[in-house]
1. Taking the alpha-carbon distance from Lys107 and a cut-off under 30 Å, which lysines remain once sequence neighbours fewer than 8 residues away in the same chain are dropped?
2. Rounded to the nearest 0.05, what FRET efficiency do Leu99 and Asn15 give with R0 = 25 Å and r taken as the Cβ-Cβ distance? Could you check?
3. Would you mind classifying segment 81-130 by shape? Square roots of the alpha carbon gyration tensor eigenvalues, ordered a ≥ b ≥ c; an a/c under 1.5 is rounded, otherwise it is prolate if a/b is larger than b/c and oblate if not.
4. For Cα pairs less than 8 Å apart in space and 6+ apart in sequence, what is the mean separation divided by the residue count of the chain, i.e. the relative contact order in percent?
5. Taking only the alpha-carbon positions of segment 7-125 and ignoring solvent, what does the Debye formula give for the base-10 log of I(q)/I(0) at q = 0.13, 0.20, 0.22, 0.23 Å⁻¹?
6. Specify whether the C-alpha gyration tensor of segment 17-79 places it in the rounded, prolate or oblate class, a ≥ b ≥ c being the square roots of the eigenvalues: rounded for a/c under 1.5, otherwise prolate if a/b is larger than b/c and oblate if not.
7. Between Glu67 and Asp91, what is the label-to-label distance in nm when each label sits 7 Å out along the Cα-to-Cβ direction?
Amino acid sequence: MKKIKQKKIFVIEDNKTEGMLLKLCLGSVKNIVISNFSLGQELLDNLHQDPEIVIVDIILPDISGEELVMAIKENNPNTEVIVVSAQKDIDMIARLQELKIYNYLVKSETCMESLQLAIEDLTFLIDHKR
C-alpha cells in the first residue's frame, strides 16, 4: 500500500480572523500541513517549499491577488490555486480562470464547507495523478 504524503497548503489572508477560520475549516482534512501568510511577498519568498495548494485572497495589502496568482503559476506551475474572496467581479474571475486556477469561491456562510470539499477533492486528485 502506497504511503500518502502530507500536502503543503499555503493560505494567504491578511485578515487574521478569516485566516484562523480558514485554518480551522481545514483542520479536519487529513494529510495536510497549513502555513499562513498575511503578505503576498512573504508567500512568494516561501514558494521554494513547493506547496501543492495555495489558497489566495484577492485583496491584499502589498500585491493584488491576481498578480500573486500569476507569480505562483509562473514559478510553480504544478501548484494548484484556489481563490477565496468577497470579490464578485466577473471579468476578474474570468482572468483568474485563464490562469488555470482550480476554483474560485466567494466568501459566504457556505464558503468554508465548499473550501473543505474542494481541498479534499484536490488532495485526492494530487495523490492519484502520480
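1. Lys107 reaches Lys5, Lys7, Lys8, Lys16, Lys23, Lys30, Lys73, Lys88, Lys129.
2. Calculated transfer efficiency: 0.60.
3. Values: a/c = 4.51, a/b = 1.36, b/c = 3.32.
Judged from the Cα gyration tensor, segment 81-130 comes out oblate (a/c at least 1.5, b/c at or above a/b).
4. Dividing the mean separation by the residue count of the chain yields 23 percent.
5. After summing over all Cα pairs, the log10 values are -0.43, -1.12, -1.42, -1.59.
6. oblate
7. A separation of 1.9 nm, rounded to one decimal place.
Values quoted throughout were computed directly from the atomic coordinates according to the rules given, and no laboratory measurement underlies them. What you see is a predicted model; the values in this text were computed from it and never measured. Here Cβ is always computed from backbone atoms with ideal geometry, including for glycine, and neighbour counts include all displayed protein chains.
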